[in-house]
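Notes to accompany the following structure.
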Amino acid sequence: MPEGTTLLAPSHTSSVPARFEIQAELEPKTPGLEWSELPAFRTVYAEDGSTMPEPLPASEIVAMRWSFEEALPAGEAAWNTYRLIVN
């Protein structure tokens with residue numbers, strides 16, 4: 001994600017069957033970032049150790065990716081879009 005931007009969700013579209021995923025800190029006890037489809041949820045830990053899912057704020061997304069369901073034939077094109085807000 002370009003610095004100083006926030007994903008406007010849901011604004012992603014693809015001209016071919018594809019999966020749109022975001023990367024963020026979803027599980028604080030797991031080192032590193034995780035990938036998820038939207039809507040994404042992160043794990044919140046209470047003082048007593050219990051957990052609760054919480055919607056991931058768009059401002060926490062650090063990367064996005066597309067995964068096509070099938071390879072594109074030679075010479076073909078696909079159009080994938082998403083919208084960002086400049087903060």
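Just so it is clear, none of the values below were taken in a lab; they were calculated from the coordinates. Nothing here was measured: the structure is a model prediction, and the numbers come from that model. No Cβ is skipped: glycine too gets one built from the backbone with ideal geometry, and neighbour counts run over all protein chains shown.
Between VAL62 and THR30, the modelled label-to-label distance comes to 1.4 nm, taking each label 7 Å out from Cα in the direction of the beta carbon.
Each 5 Å bin from zero holds the following percent of Cα-Cα pairs in the chain: 3, 13, 21, 20, 16, 12, 8, 4, 2, 1, 0, 0. Residue order for PHE41, PHE20, fewest other beta carbons within 10 angstrom first, comes to PHE41, PHE20. Across the range 74-87, coupling constants 3J(HN,Hα) worked out from phi with the 6.51/-1.76/1.60 Karplus curve, θ = phi - 60°, read 3, x, 8, 10, 10, 10, 10, 9, 8, 10, 10, 9, 7, 5 Hz, and Gly and Pro carry x.
Near the amide H of VAL16, within less than 5 Å, lie the amide hydrogens of TRP79, all on another chain or at least 5 residues away, with H placed in the peptide plane.
So what's the net charge close to LEU33: Lys and Arg +1, Asp and Glu -1, counting the other residues with Cβ under 14 Å from its Cβ?
Net of charged neighbours comes to -2.
Within the shell defined by Cβ-Cβ distances under 12 Å, the residues around PRO10 carry a net charge of 0, with Lys and Arg each +1 and Asp and Glu each -1.
Think of the range 5-70 as having a plus end and a minus end, set by charges on the Cβ of Lys, Arg, Asp and Glu; of PRO53, LEU33, TRP66, TRP66 sits farthest toward the positive end of this dipole.
The HN-Hα couplings worked out from phi for the range 28-42 by the Karplus form 6.51 cos²θ - 1.76 cosθ + 1.60 (θ = phi - 60°) are x, 7, 9, x, x, 9, 10, 9, 8, 7, 8, x, 9, 10, 10 Hz, whole numbers, x standing for Gly and Pro. Under a model in which nothing but the beta-carbon of Lys, Arg (+1) and Asp, Glu (-1) is charged, the range 5-70 shows a dipole of about 180 debye around its Cα centre. Annotation: amide H of ARG42 within the under-5 Å range of GLU54, LEU56, sequence separation 5 or more or interchain, hydrogens built in the peptide plane.
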